[in-house]
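The values are calculated or read from the model by the stated rules, or taken from the named source; none is laboratory data. Given the structure is predicted, the values throughout are model-derived calculations rather than measurements. Cβ coordinates were reconstructed from backbone atoms using ideal geometry, including for glycine residues, and neighbour counts include every protein chain displayed. Side chains are part of the model used for accessible areas, which takes the heavy atoms of the whole protein and leaves out ligands, DNA and RNA. Shrake-Rupley method; radii C 1.70, N 1.55, O 1.52, S 1.80 Å.
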Amino acid sequence: MAAAFRRFLSNVKAESFIHNKVVSVTAAVTITRALHAGRTIKLDLAAGFATTLPAATGTAARYRFVIGTVATGDHTIQIADSTDVMAGGILVNNSGDSAAATADFYPTAAASDTITLDASEGAGKIGDWIELEDVATNLWTVRGVFQGVADPATPFSAAV
């Protein structure tokens with residue numbers, strides 16, 4: 001019975017599972033597991049910039065991106081190469097024009113590899129967030145929420 005209650009003799013790291021720090025970025029960045037996994041990555045430049053993810057290998061590493069400064073330009077989050085894809089989707093508030101406001105779900109397509117946070121299409125407001133997880137070789141899952149605009153468009157594309 002004592003074996004079931006062994007203590008760890010060193011620190012246990014669970015960086016891929018626990019969001020334990022905020023990292024502010026203000027320029028194009030290549031995300032790495034060592035520096036960014038398990039952390040909230042705050043996008044803090046209004047002009048927008050590109051962010052590149054590492055190759056998906058099934059590490060279970062999670063990366064949460066949050067808008068920290070209102071975007072006037074586009075932020076993009078792209079995979080490392082053309083063999084990786086994204087699966088999942090994002091909820092975007094459709095603030096309504098002629099119809100009542102709704103929350104629209106935008107799923108990825110089979111070849112989705114880029115997310116564009118375009119302020120004119122409903123993304124890029126403070127608090128908007130996206131989380132990506134490296135779940136298998138060549139596969140990222142994605143989920144998130146954008147505050148939206150009237151008649152937003154999908155943030156996903158195949159651009160890599």
(request) Of the options GLY122, LEU91, ALA55, report the single residue whose Cα projects farthest towards the positive end of the charge dipole of segment 29-129 (beta-carbon charges: Lys, Arg +1; Asp, Glu -1). (result) ALA55
(message) Can you work out the Karplus-derived ³J(HN,Hα) for every residue in segment 68-74? Use 6.51 cos²θ - 1.76 cosθ + 1.60 with θ = phi - 60°, whole Hz, and x for glycine or proline.
(response) x, 9, 3, 7, 9, x, 7
(message) Using only the Cα atoms of segment 86-148, what semi-axes does the equivalent ellipsoid have when each is the square root of 5 times a gyration tensor eigenvalue? Give whole Å, largest first.
(response) 24, 12, 9
(message) Given points 7 Å out from each Cα along the Cα-Cβ axis, report the SER82 to ASN138 separation in nanometres with one decimal.
(response) 1.3
(message) Per residue of segment 119-127, what does 6.51 cos²θ - 1.76 cosθ + 1.60 with θ = phi - 60° give for ³J(HN,Hα)? Whole Hz please, x for Gly and Pro, Karplus curve as stated.
(response) 4, 6, 10, x, 10, x, 9, 3, x
(message) In whole Hz and in residue order, list the ³J(HN,Hα) couplings for segment 106-116 that follow from phi through the Karplus curve 6.51 cos²θ - 1.76 cosθ + 1.60, θ = phi - 60°; x for Gly and Pro.
(response) 10, x, 6, 9, 4, 10, 4, 9, 9, 10, 10
(message) Could you tell me the extents of segment 40-107's C-alpha atoms along the three principal axes, largest first, rounded to whole Å?
(response) 44, 27, 21
(request) Name the residues whose placed amide hydrogens come within less than 5 Å of the amide hydrogen of THR108, ignoring near sequence neighbours (fewer than 5 apart) on the same chain. (result) GLY88, GLY89
(message) Give me the one-decimal nm value for the distance between modelled label points at LYS125 and VAL23, 7 Å along each residue's Cα-to-Cβ direction.
(response) 2.8
(request) Could you work out how far apart the two model spin labels at ALA50 and ALA159 are, taking each label as a point 7 Å from the Cα in the direction of the beta carbon, and quote it in nm? (result) 0.9
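For segment 41-113, what % of the accessible area comes from carbon and sulfur atoms, probe 1.4 Å? Can you show the working numbers first?
Working: 1750 of 3030 Å².
That share works out to 58 percent.
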(request) Compare the peptides 131-137, 61-67, 44-50 by average per-residue count of other Cβ atoms within 10 angstrom and give them in order, highest first. (result) 61-67, 131-137, 44-50
